[in-house]
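One structure is given below, encoded as structure tokens.
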Amino acid sequence: VYQTYLDNNQKIINLSNLLKLYSTISLSLTFLGLLGIVLYSVKQKTREIGIRKVNGANIWQILLLLVKPYFVQVLLAYLIAMPVTLYLLINWLEQFVYRIDITLSNLIIPFVAVLFVTFTIIVLGGWKIANTNPVEILKRNE
């Protein structure tokens, strides 16, 4: 029975494996691009961060300054992508006799995972400059 199932659904299995590979490559490139953008924006804001530290900002306020624009962008991207993904997923699942149910956790877990990875990349990128002595930051001619 299992071999018959494999023979009848080989195209779908191959497509699923190909989509997993493309998704992995796409996510890897996206996170590397995000890391590059974060490091670039931190470098552009080093003087601002130094001035904020001189005026009494703590590390968490500086990290919040760096995280806030990316949170808005991720939320906006999620709000645009989720209806499209839900529509395509429902249409794709209609071709199967035995379907899974789409639950709220199927929609929230990917969003939380992307937020976690995004915030981790931002915090790792901005932690060094947030802990640097503001005098050293302001002495640089960048």
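The values are calculated or read from the model by the stated rules, or taken from the named source; none is laboratory data. Values in this document were obtained by computation on a predicted structure and should not be read as measured data. When we count neighbours, we look across all protein chains shown, and the Cβ atoms used for this are built from the backbone with ideal geometry, even at glycine. These accessible areas exclude ligands, DNA and RNA; they are computed on the full protein's heavy atoms, side chains included. Shrake-Rupley method; radii C 1.70, N 1.55, O 1.52, S 1.80 Å.
Which whole-number percent gives the relative contact order of the range 21-132, counting Cα pairs below 8 Å spaced six or more residues apart?
Relative contact order comes out at 56 percent.
Angle check, please: helix 10-44 long axis (alpha carbons) against the longest principal axis of the chain (alpha carbons), in degrees 0 to 90, nearest 10.
10
Nearest 10 degrees, 0 to 90: what angle lies between the long axis of helix 59-93 and the longest principal axis of the chain (Cα atoms)?
Compared with the principal axis, the helix lies near 10 degrees.
Less than 27 Å apart at the alpha-carbon level, and either on another chain or at least 8 residues along: which lysines does that give for Lys20?
Hits, sequence-local ones excluded: Lys11.
Return the calculated 222 nm mean residue ellipticity for the chain, to the nearest 500 deg cm²/dmol, obtained by summing -39500 (n - 2.57) across DSSP H runs with n ≥ 4 and dividing by the residue count.
Values: 6 runs with 120 residues, N = 142.
Rounded to the nearest 500, the figure is -29000 deg cm²/dmol.
Alpha carbons only, please: Rg and Dmax for the range 39-113, in angstrom.
So, for the range 39-113, Rg and Dmax equal 19.9, 64 Å respectively.
Please identify, among Gly50, Gly33, Gly125, the residue showing maximal mean-square fluctuation in a Gaussian network model of the chain using a 10 angstrom Cα cutoff.
Highest fluctuation of the listed residues: Gly33.
Any idea of the accessible area per residue across the range 1-94, 1.4 Å probe, to the nearest Å²?
Details: 7090 Å² over 94 residues.
Using a 1.4 Å probe on heavy atoms only, each residue of the range 1-94 averages 75 Å².
To the nearest µm²/s, what D does Stokes-Einstein give for the chain at 25 °C and 0.890 mPa s, using the Kirkwood radius over alpha carbon pairs as Rh?
Working: Rh = 18.5 Å.
So the translational diffusion coefficient is about 132 µm²/s.
Taking Rh as the Kirkwood radius computed over C-alpha pairs, what is the Stokes-Einstein D of the range 1-69 at 25 °C in a medium of viscosity 0.890 mPa s, expressed in µm² per second? Mind showing how you got there, number by number?
On the way: Rh = 15.9 Å.
Translational diffusion coefficient: 154 µm²/s.
Between 0 and 90 degrees, rounded to the nearest ten: what's the tilt of helix 104-131 against the longest Cα principal axis of the chain?
On a 0 to 90 degree scale, this one is about 20.
For Trp92 and Val123, what does the FRET efficiency come to when R0 = 25 Å and r is the distance between their Cβ atoms, rounded to the nearest 0.05?
On the way: r = 36 Å, r/R0 = 1.43.
The value I calculate is 0.10.
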